[in-house]
Amino acid sequence: SPSDPDLVERARAAKEKLGDKVFVLGHHYQRDEVIQFADVTGDSFKLARDAAARPEAEYIVFCGVHFMAESADILTSDDQKVVLPDLAAGCSMADMATAEQVAECWDVLTEAGIAEQVVPVSYMNSSADIKAFTGKHGGTICTSSNAQRALEWAFEQGEKVLFLPDQHLGRNTAVRDMGMSLEDCVLYNPHKPNGGLTAEQLRDAKMILWRGHCSVHGRFSLDSVNDVRERIPGVNVLVHPECKHEVVSAADYVGSTEYIIKALEAAPAGSKWAIGTELNLVRRLANRFAAEDKEIVFLDKTVCFCSTMNRIDLPHLVWTLESLAEGNLVNRIEVDKETEAFAKLALERMLALP
Ligand code: 13P
Ligand code: SF4
């Protein structure tokens, strides 16, 4: 079983043998059995910075998903090796924007005569190819903790933004945080000719949102919010900005995973919270804060793990650490040089945001 004491001991021993040669990063959505071995935990923004701040570690073991490991490889030096304990840990949202689709979209914008006014802003949750496209066209990466600052920066560079691949983070930031209207946003559907938009619609839009979403956060609905308010009078509803606009509009607070943790740390004893994000994190927070008399529940009644995040389990971590300790480099994630150069440009623009 995953909590098998033998596996725990093997992971501990392998990590000890590797010493400073290995640095283990754990995203907040990882399982408890994995998080216990993380040297640092964080949201995707914090982990990107933490990876870059460890030049002495030969191996960066990234307990998270593929796009995060790619970003870590881009931001670390060439002789550091980034390792993903299960290569099948992808992200369905990142897969919703391919390099070919995005190149085609740029052709559509060019034909509509607006490409020169458009600055791409890509969510961290995208492949290295999409990050490279973004860097090549003068854009920046953002995460859920700095999306507003990234958009403000982008609107200083150009008149329109192409936001990839999460429509919800793009719409929620533009409308909720920056005072744009829903009519300022159009939805580009990569499966339709011209994205399903007319040249006129593209010319009128301020935000061109890519039609991608997170299947985990997409499960929360307005009903989930209304139900929990009925069930728990006085509850504070706190959700991640990958949730649908109607959910974010009905919530009391909205923020990244790191923001969610800070808000709960600052919450007074006796307060009640319903959290709309991934279940591993919500359960961990509920346990952690129970002792401080803060009641924390999951926003929806249906189970909502991220299945790809959950692929990284203790057996995979043990196998990875033991392989590295024996000198076998397994599951390395390596972005090719040309992609890396342009993707790095976009990531560095993000890291330089005020
Ligand atoms: P953050 O870590 O930026 O909050 O993003 C959540 C997420 O979905 C990561 O895959
Ligand atoms: Fe991707 Fe959503 Fe899972 Fe994050 S929670 S890795 S965005 S599918």
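Among the residues of region 172-202, those identified as within 22 Å of Thr143 (Cβ to Cβ) and in a loop (DSSP other than H, G, I, E, B) are Met178, Gly179, Met180. For Ser145, the requirement of being in the same structural domain as Tyr59 (by TED's automatic domain parsing) and either surrounded by fewer than 24 Cβ atoms within 10 Å (Cβ to Cβ) or within 16 Å of ligand 2 (Cβ to nearest atom) (or both) is not met. Only one of the numbered conditions (1) in contact with a helix residue (DSSP H, G or I) (Cβ under 6 Å, 6 or more places away or on another chain); (2) under 19 Å from Ser323 (Cβ atoms) is violated by Leu87, and that is (1). Find the residue count for region 48-80, including only residues that are touching a helix residue (DSSP H, G or I) at 6+ places or on another chain (Cβ under 7 Å), away from ligand 1 (no atom under 12 Å from the Cβ), assigned to a helix (DSSP H, G or I) and at pLDDT 90 or above. Residues that pass the stated criteria total 4. A single entry from Phe45, Phe37, Phe23 fulfils the requirement of being among the aromatic types (Phe, Trp, Tyr) and at pLDDT below 95: Phe45.
Among the residues in region 242-252, are any away from ligand 1 (no atom under 16 Å from the Cβ), of a type in the set (Gly, Ala, Ser), in the same structural domain as Gly158 (by TED's automatic domain parsing) and surrounded by 14 or more Cβ atoms within 10 Å (Cβ to Cβ)? No, that holds for no residue.
Return a yes/no flag: does region 16-33 have any residue that is within 16 Å of ligand 2 (Cβ to nearest atom), of a type in the set (Ser, Thr, Tyr) and farther than 19 Å from Arg283 by Cβ. Looking for residues that are within 16 Å of ligand 2 (Cβ to nearest atom), of a type in the set (Ser, Thr, Tyr) and farther than 19 Å from Arg283 by Cβ, one finds none in region 16-33, hence no. Among the residues of region 85-103, those that are farther than 30 Å from Glu33 by Cβ and exposed (fewer than 15 other Cβ atoms within 10 Å of the Cβ) comprise Ala99, Glu100, Ala103. Among the candidates Gly218, Gly255, Gly196, Gly212, the residue that is surrounded by 14 or more Cβ atoms within 10 Å (Cβ to Cβ) and without any contact (Cβ under 8 Å) to a residue 12 or more places away in the chain is uniquely Gly196. Can you run down the residue pairs with Cβ atoms below 7 Å, 6 or more apart or on separate chains, where the first is in region 15-33 and closer than 14 Å to Ala48 by Cβ and in contact (Cβ under 8 Å) with a residue 40 or more places away in the chain and the partner is in a helix (DSSP H, G or I) and hydroxyl-bearing (Ser, Thr, Tyr)? Taking only residues 6 or more apart or on different chains, the pairs are His27/Ser44; His28/Thr257.
The values are calculated or read from the model by the stated rules, or taken from the named source; none is laboratory data. Predicted model, so just to flag it, every value in this text is computed and none were measured. Because the Cβ atoms are built from the backbone with ideal geometry, glycine has one as well, and the counts that use them run over all protein chains shown.
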